[in-house]
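Reviewing the structure listed below.
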Amino acid sequence: MMVLVAPLGNLSDYHVGERRIEHVPIQSDDCAKRLLRLATSAGDVGVRFAGERRLRDGDVVYADAERVVAVEVVPDDVLVGRPPTIAAALGLAHALGNRHLLVQIDGDEIVVRYDPLLPAVFAEREVPFAREKRVLREPFRHAHAPHGHD
């Protein structure tokens, strides 16, 4: 198995030329891992990161004269809320935080993994929302900071 310590580049700016592109699907949670094993047509490729850098959609993990292998992040099933006011955004964020849900902010949108109970939470706070399949720029991550509920 070949071990890669950093991506060779990203398809957005990597010179592919006449080589075929092979996409290896990964879950967004895999993007948060420091160590990952990927099965490709060229054999297994190990990806290991020492610093904060992690895989992103389109990162090239292998290349030879015939092929370029890049990861393709599978879209997550998410709810995307678009709060009309700051008060609505704070109310929704508080309700989601009380449930210890992982949340991302993308511009004016609040993004959370889909759960069948969550549409009611958005509706109670009068926050328009949509269920989407979305490739996230960053994986959902837990903040491991200590906290309490006094």
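The values are calculated or read from the model by the stated rules, or taken from the named source; none is laboratory data. These numbers were taken from a predicted model, which means no experiment stands behind them. Neighbour counts are summed over all protein chains in view; Cβ atoms, including those assigned to glycine, are modelled from backbone coordinates with ideal geometry. Side chains included, ligands, DNA and RNA excluded: accessible areas come from the protein's heavy atoms. Shrake-Rupley method; radii C 1.70, N 1.55, O 1.52, S 1.80 Å.
So for the stretch 58-73 (the condition being more than 16 Å from residue 8 (Cα to Cα), among the acidic types (Asp, Glu) and out of contact with any strand residue (DSSP E or B) (no Cβ under 7 Å at 6 or more places or on another chain)), does at least one residue qualify? Lay out the reasoning, then the answer.
Of the residues in the stretch 58-73, the ones more than 16 Å from residue 8 (Cα to Cα) are 73.
Imposing the further condition that a residue be among the acidic types (Asp, Glu) reduces the set to none.
The answer is no; no qualifying residue exists.
Which one is least open to solvent (accessible area, probe 1.4 Å), of the residues in the stretch 124-139 that are within 16 Å of residue 96 (Cβ to Cβ) and among the charged types (D, E, K, R)?
125
Of all residues being in a loop (DSSP other than H, G, I, E, B) and touching a helix residue (DSSP H, G or I) at 6+ places or on another chain (Cβ under 7 Å) in the stretch 25-72, which is surrounded by the most Cβ atoms within 10 Å (Cβ to Cβ)? Just the residue, please. First the steps, then the outcome.
In the first step, residues of the stretch 25-72 are kept if they are in a loop (DSSP other than H, G, I, E, B); the result is 27, 33-34, 41-42, 49-58, 64-66.
After this cut, where a residue has to be touching a helix residue (DSSP H, G or I) at 6+ places or on another chain (Cβ under 7 Å) as well, the list is 54-56.
Details: 54: 18, 55: 23, 56: 16.
Residue satisfying both the conditions and the ranking: 55.
When residue 121 is evaluated against the numbered criteria (1) open to solvent by 80 Å² or more (accessible area, probe 1.4 Å); (2) in contact (Cβ under 8 Å) with a residue 24 or more places away in the chain, which criterion, by number, is the only one it fails?
For residue 121, the failing item is (1).
Yes/no per residue for (1) among the basic types (Lys, Arg); (2) under 20 Å from residue 29 (Cα atoms); (3) at pLDDT below 90:
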| position | (1), (2), (3) |
| --- | --- |
| 127 | no, no, no |
| 132 | no, yes, no |
| 136 | no, yes, yes |
| 148 | no, no, yes |
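Based on this model, can you work out whether residue 80 counts as at pLDDT below 90, open to solvent by less than 10 Å² (accessible area, probe 1.4 Å) and more than 13 Å from the chain's Cα centre (by Cα)?
It is false that residue 80 is at pLDDT below 90, open to solvent by less than 10 Å² (accessible area, probe 1.4 Å) and more than 13 Å from the chain's Cα centre (by Cα).
Please identify the pairs in which a residue from the stretch 74-97 that is over 11 Å from residue 126 (Cβ atoms) and part of a strand (DSSP E or B) has its Cβ atom under 9 Å from the Cβ atom of a residue that is small (Gly, Ala, Ser) and open to solvent by 20 Å² or more (accessible area, probe 1.4 Å), counting only partners at least 6 apart or on another chain.
79/130; 80/130
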